[in-house]
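Notes follow the structure.
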Amino acid sequence: MAALSPIVQRAECFLRDEVAPRAQEMDRDPEVLRQALRGMAELGLLALRRPNDYGGPDVSDIDFRYFQEAVARRSGALSFLQTQHQSAVSLIAKGMNDHLKSEYLLKMADGEKLVGIGFSQLRRPGPPIMTASHAPGGYTLDGQVPWITGWTFFPEYLVAASLPDGRALFAVVPFSEQKGARVSPPMRLAAMESAQTVSMEYSGFFVAHEQVSAIQPVGWIRNNDQINVALQRHFALGCCQAGLDILLQAAERRGLPFVKEVHDELAAELERCRAVAGVDPKDGQATEERLEARAWTIELAVRIAHAAVASCSGAANSLAHPAQRVYREALVYTVSAQTTAVMEATLRRLVR
């Protein structure tokens, strides 16, 4: 592997020394998670794909995927939270609103501007559940955004809504309850609950033209998901490594040779899986090979996490135990950004 950029090396040190020792606390306490996000902001780690015209560092694809895997290895909650903001950086940077880029991108690496995302509703079949209608000076929003992570962390988020012609409007809106916008209580989740996921309902909520980042063509979400079939695997790869870390610790603590043997076998499989899954899409198409690689990574994350649980015996049934946390995180990475094709590939892998 090529040498990592200095900023990603700095991130690795922060994750290893500051995040990993407090991962259990971050999983349960939003305030501890907030401290970790603030630590990333202080190191300028929150906009790694920001274009150089707006301050960079615009790290390479290899560096960024290594970073995403490294965060997932140390804390699923932090991984889940920070990637919302990193995605908002990329989406705003690729948008059409130069004023919005200047206003936001320059302030997104150090946390001066923190922005979440809410566009999973575009994947839902049938009539859109979140719509935008033309209005003087902008648009009005109506409907529901069922899944937004980062309540109390992000003052704003990038919302997506379907226009009457099928295109998708993306706009930066306040992540708060106000006239025409109602926020649900934070959801009770099996994993990463501390990242505070909520839903929002809109009724005639006005968004000015100045806050519109982009209007994406019909079918944008399908094309985006085709690309992310490969890119999403890095979170599950990080989960695999987290489980292996626990397995190795159990082998060393218990002195049982077979635990170390299982660790080594699974570590070797992880490297084979990583190699097969190592080609990112360039043509925007989710080929069978990429789907199979994603499914293998998902299945392997669950198997390694299960092995970590088994190696820790009854202690792993405690919510305070790392193996319990990693096992639950594997669940999240199983369904994150799931399309029907990813679901089918995952299920077929399980019955091979």
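Considering LEU291, LEU247, which residue is in contact with a helix residue (DSSP H, G or I) (Cβ under 9 Å, 6 or more places away or on another chain), in the same structural domain as GLN338 (by TED's automatic domain parsing), crowded, with 18+ Cβ neighbours inside 10 Å and within 30 Å of ALA320 (Cα to Cα)?
On the way: LEU291 fails: within 30 Å of ALA320 (Cα to Cα).
Exactly one residue qualifies, and that residue is LEU247.
Out of LEU105, LEU33, LEU45, report the one residue that is assigned to a helix (DSSP H, G or I), over 30 Å from ALA316 (Cα atoms) and of a type in the set (A, V, I, L, M). Reasoning before the result, please.
Values: LEU33 fails: over 30 Å from ALA316 (Cα atoms); LEU45 fails: assigned to a helix (DSSP H, G or I).
One residue alone meets the criteria, LEU105.
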> Of the residues ASP98, ASP142, ASP110, which single one is of a type outside the set (Gly, Ala, Ser), surrounded by fewer than 21 Cβ atoms within 10 Å (Cβ to Cβ) and closer than 17 Å to PRO174 by Cα?
Replying inline: ASP142
> Can you pull out the residues in segment 48-102 that are in contact with a helix residue (DSSP H, G or I) (Cβ under 9 Å, 6 or more places away or on another chain) and either assigned by TED's automatic domain parsing to the domain that holds ALA171 or of a type in the set (Val, Ile, Thr) (or both)?
Replying inline: VAL59, VAL71, THR83, VAL89, ILE92
>> So in segment 170-182, with the set limited to residues that are more than 21 Å from the chain's Cα centre (by Cα) and not hydroxyl-bearing (Ser, Thr, Tyr), which one is surrounded by the most Cβ atoms within 10 Å (Cβ to Cβ)?
In response: ALA181
>> If I filter segment 241-289 down to residues being at pLDDT 95 or above and of a type in the set (S, T, N, Q), which single residue comes out as farthest from PHE64 (Cα to Cα)?
In response: GLN249
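For segment 250-259, how many residues are surrounded by fewer than 17 Cβ atoms within 10 Å (Cβ to Cβ) and part of a helix (DSSP H, G or I)? Let's see the steps before the verdict.
In the first step, residues of segment 250-259 are kept if they are surrounded by fewer than 17 Cβ atoms within 10 Å (Cβ to Cβ); the result is 252-258.
When the remaining residues are screened for being part of a helix (DSSP H, G or I), the result is 252-254, 257-258.
Residues in segment 250-259 being surrounded by fewer than 17 Cβ atoms within 10 Å (Cβ to Cβ) and part of a helix (DSSP H, G or I): 5 in total.
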>> Can you pull out every residue in segment 61-95 that is over 14 Å from the mean Cα position of the chain (by Cα), surrounded by 19 or more Cβ atoms within 10 Å (Cβ to Cβ) and not in a helix (DSSP H, G or I)?
In response: GLY95
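The values are calculated or read from the model by the stated rules, or taken from the named source; none is laboratory data. Since the structure is predicted, the reported quantities are computational estimates derived from the model, not experimental observations. Cβ coordinates were reconstructed from backbone atoms using ideal geometry, including for glycine residues, and neighbour counts include every protein chain displayed.
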